[in-house]
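First the structure, in the form of structure tokens, and then the observations on it.
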Amino acid sequence: MPGRVSGRSGRASTAAPSRKSSTQTLKSRASASARSSALPVEIPDEGAASSLRTQICGIFAEAQRNTATQRKLIINLRKIQEACCYEPTNPKKNQKQEDFEESDFNEELGRCAIRVLAVKKSEPVGDRIVRFLGLFLKHASEKDNALVEPEDVDTTEALPETPASRLTSHILSILLPLLTVKDKTVRFRATQIIAHIVNTLDSIDDELFQLVRIGLLKRLRDKEANIRVQAVIGLGRLADGGDADDEDEDSDDEVAGGILEKLLDVLQNDPSAEVRRSLLLNLPFTPGTLPYLLERARDLDAATRRALYSRLLPALGDFRHLSLTHREKLLRWGLRDRDENVRKATARLFRERWIEDCAISHKPAEDEAPPPGQVSAPRFDALLELLERIDVVNSGVEGGIAFEAMKEFWDGRPDYVDFITFDDDFWNDLTPESAFVARTFNDYCREAEGNKLQDMVEDKMPVVTAFAFFVQKHLNVLIDDVRKVALQDQDDAEAEEDTVQQEFCVEQLLHIALTLDYTDEVGRRQMFSIMRGALALAELPEECTKLVIEVLRTVCGGNAAGEREFCDIVLEAVAEVHDTILGEDPTQEDAEESFHSARSELSDELTPTKAKKNQKGGEDEDSSEVDEEKAIREIMVNMKCLHIAQCMLQNVKCDLEENNILVTMLNNLVVPAVRSNEAPIRERGLLCLGLCCLLSKVCIGNGYNLASENMTLFLHCFTKGHDTLQIIAVQILTDTLITHPSLLAPPPATQDASTDEPSPINPLLKPLTKTFLRALASPSPSLPLTACLAVAKLLLLGLLPPASSTEILKALTIAYFNPETAENPALRQALTYFLPVFCHSRLSNAALMSQIAVSVIGKLVVMRDEAEEEEEEMVGWTVVAGMIAEWTDGRKVVGGELCIKDPGERKDGAEEPHVILATEVLERALGAGCNKDERKPLLTLLSKLHIPSTNSPDSKYQAVSQEAFQTLHSLVAEAVETKLALDATSRNALAKLDAALLKRIGESDKVVASTEAEVEPTEIVNEDEETMMLGEAQAEGTVMPLGGSEEDDDDLTMRQGITREATGVDDSVVDRLLDSEL
């Protein structure tokens, strides 16, 4: 063990040589003058060296080498402590040894502990010594407590006084004042040692407990993250008993109490992921802390999320103690995490830890528990319970998390894949869990690569004929349950729950039926007959109806004849459902007979006048009830029939006009539904009409098809309809335009139209653009999201003309930065994905963003003023400018220099969007209508643009015209001359841009000159250098005469001098700016 930290001064001294140190003093690289003038450090007198110091230092020196011999060293150090603290039981005669007291041992051990404080975190010897010190204190405490006899223990004392406890108090009293020193290394080691002691010992003195708690609470706010980590490690142990009721009100620390509350606040708000992760693993498991621990599944740091699933949740115990909501959220968040390691940890937790909890509860008493690290043998009951614990009826629907969980389960548990069998008893006694097991097993095996699992599922699943009988059985049970629930006068929760479960079982069977092989004609006919009969049942739920139609479409075959047969069968089923529901309507005679029966029970005491009046009133009341019941039945009929028609239209691909069955359905069912006054019928009818428009592929009449004839209707439904109808209308408009892009084509020009007249504009463009803009500005949260997704598809496909694209893109960009859309995270997420993808997909899209950027910033300036008045927060200009500059960076467009590795595949014109944007920014900033508030973000945006000073060496031609560079340079020169920029950053950006453009224009002039020399060498051979330069300028389109005079030369020189003077840079500064990266 080293002696002491070196305290030698910088100059030569005749003093006694100091001891060598293994650590260097702070700021050892100070200048020689500082070292020579530094005051000598006063080293406290530690007394003369003794054999005790030599022994303890030797033990610590050995302990810092490795951890393998620390157990032996702890025993040796304990013997030294016992020799100092206890009287020897068998003293040897004639043995000369120094007599040391307990205080001497404590002083020497504390002296060694102090030497660790200067060791940096990167040195492993410091961690070894801290570990050694904690293990020794624990070993000494256990030995001392064993030596204390029960009768010697004072029951009034909370902690017996032992040499180990006094040593602990001595070390803590040395370290606690060092928690607030300036040196971060000392603070870190002091906090680390205290936290290690707290986690090692079972108990400490009450007074020390309060001091330790206060000291560690202060370190929770330390600016160094590694110190905060050690503080939360120590406070995690104190959290159980740290909330004392009798807090010291006169304490100088106002945060002495409420350790748990402060730790939970740190867990939620600390910026360091390492601190949050350490606290996650050190907080106690209580009902109060559990929600805070589980919400770390949404932590920003992937390692913290992985620690929750791989370390915290397995150590939490039986997962069944968690609520159903927590189980479902943990699975959904973990399996859909963006980090692959988090997904793997979640899948391992589900298929190994959770299934093990269920398997243990179903294990027979005589079976032995599996060895640690191994899983139990497969048990079907355990798998069913696991699915029940995650509520498979709700989480097993389309898009639920149960599908992903079971896919990971089958993938990681091949023993269950081999163990599962499906016999007749299994199919006859289906439960929601067992049905889901069969469906997921079938999907996993059929989607897997290789023939092994394919053959396995063929062997374990029944043949089509037998499976059809199982489907028929469970369909009959479902229909019976639905009819029983409908006939009940009062709501029976248990019966409704049974119906829901049976419906889920039928759905899983129908999903399996979609994957079966129907090459067996007997089985195909059997399934066809069952599906045909089930579709005609009016009581069949909607989701089952949808699946029945999909199975029927699969059974009929994929050719045109099968599709026509499928449509014919579905239309017949619609007619049967219509007749079935309306056939249950009571006739008018039954109603009149019922009325007479009720009237006959009236009292005979009524007078004829009163009886007549009561007869008329009763007749009106009964008539209104009958009308209401009739209206409800009509709504039910239309909704059921329209749902069947909708499912059929989603499963056909033929031309609408070529299929007479579809035309008949359109005229007799869909069109009357669209004209209905009932909102649900009108919504579903409009949806079916939109599907019909997608199938209409043959132009009729004067070049118009069904889609073009109903575009006005869809626009009218958006204008006059409610939110749901507006959403449907926007979806139909988008799908129709994508399917029939010719609807947006301009109308053909007339023969007598002159060439000077502008080309005609499609009359649909203006109302269509207005519709999308209104939808984006709607206060409803769902309608703007639908409109955003719709126009994103149209813009990415390039279906909208430039004028409409400009307006819509501007609205989307403003909505992205609008503080009001912060309450709609789904819209923000969609825009976050769309805007960079759109701009970087094509160079023309980036140029389009450049054209609208200035107007967007002007609108955002107004919105910022309004937000400040309403005390709302808005994103800063630096972020806005950075995003717009990134979106318009042509180098990041597909094919740009930042997106490809092969320079030969690079596309030209990457600088065009930023050149356009810089020109737009300067024109607006130099304009008279631009105020100071708007000019500041514009110049901030200008400073983030990338306009290179040289053309790309791989460019085959000049993508941006020379005139554009000259226009931009003139604007930059004017901005510099008029001192447009007020701050230094903007002035430097303008100067740098001016220098780059000067160099760029000069290179372009040389290129033009060389080109002219190749084309007309005789015209330039006899010219001098100045004339040649003027000729180049003339060729570039300037107004300078070719035979320029001396006045012109002086004027040119004067303009260059003014430019340099305005920019405030000389030639050397310009060269340095050009050499630097723009």
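The values are calculated or read from the model by the stated rules, or taken from the named source; none is laboratory data. Everything numeric in this text was worked out from a predicted model, so none of it was measured. For neighbour counting, all protein chains shown are included, and Cβ atoms are generated from backbone atoms with ideal geometry for every residue, glycine included. Surface areas here come from the heavy atoms of the whole protein model, side chains and all, with no ligands, DNA or RNA. Shrake-Rupley method; radii C 1.70, N 1.55, O 1.52, S 1.80 Å.
A few comments on the model shown:
- Summed side-chain charge close to T67 - residues other than T67 whose Cβ falls under 10 Å, Lys, Arg +1, Asp, Glu -1: +3
- Accessible area of the stretch 790-876 belonging to carbon and sulfur atoms, whole % at 1.4 Å probe: 52 percent
- Cross-link table K810/K944; K484/K630; K630/K653; K72/K120; K329/K484; K407/K484, entries beyond 29 Å C-alpha to C-alpha: K630/K653; K329/K484; K407/K484
- Highest average packing first - 875-886, 275-286, Cβ atoms within 10 Å: 275-286, 875-886
- Burial order of peptide ranges 58-66, 175-183 (average beta-carbon count within 10 Å, highest first): 58-66, 175-183
- Computed over protein heavy atoms with a 1.4 Å probe, the accessible surface of the stretch 793-835 works out to 46 Å² per residue.
- Subtracting the Cα-Cα distance of I761 and E142 from 0.36 nm times their residue separation leaves 213.6 nm of extension gain.
- Over the stretch 153-224, the fraction of Cα-Cα pairs per 5 Å bin, rounded to whole percents and listed from the shortest bin up, is 3, 15, 27, 25, 14, 9, 4, 2, 1.
- At R0 = 30 Å, FRET efficiency that the Cβ-Cβ distance of H722 and L514 yields, to 0.05: 0.25
- Estimated at 0.36 nm per residue, the fully extended path between T967 and E658 surpasses their Cα-Cα distance by 105.3 nm.
- Figure legend: label point modelled 7 angstrom from the Cα of N428 along Cα→Cβ; residues of the stretch 471-499 with amide N under 17 Å from it are 471-477.
- Taking label positions 7 Å along the Cα-Cβ direction at both S361 and V837, the computed distance is 4.3 nm, reported to one decimal.
- Projecting the Cα positions of G533, C556, C505 onto the charge dipole of the stretch 496-562 (unit charges on Cβ atoms of Lys, Arg, Asp and Glu, taken about the Cα centre) puts C556 furthest along the positive direction.
- Solvent-accessible surface of the stretch 486-558, averaged per residue with a 1.4 angstrom probe and all protein chains in place: 45 square angstrom.
- Accessible area of the stretch 421-515 belonging to carbon and sulfur atoms, whole % at 1.4 Å probe: 45 percent
- Distance between the 7 Å Cα→Cβ label points at V671 and A83: 11.1 nm.
- Just so you know, the Rg over Rh for the stretch 400-467 is 0.95, from Cα atoms, with Rh as the Kirkwood radius.
- Rounded to the nearest 0.05, the FRET efficiency derived from the C-beta distance between E576 and E886 at R0 = 51 Å is 0.25.
- Reported to the nearest whole Å, the Cα centre-to-centre distance from the stretch 266-300 to the stretch 646-675 is 56.
- Rounded if a/c under 1.5, otherwise prolate or oblate - the stretch 438-531, Cα gyration tensor axes: oblate
- Computed from the C-beta positions of E62 and V875, the FRET efficiency with R₀ = 51 Å rounds to 0.30.
- Pair E447, T325: separation of 7 Å Cα→Cβ label points (nm): 3.0 nm
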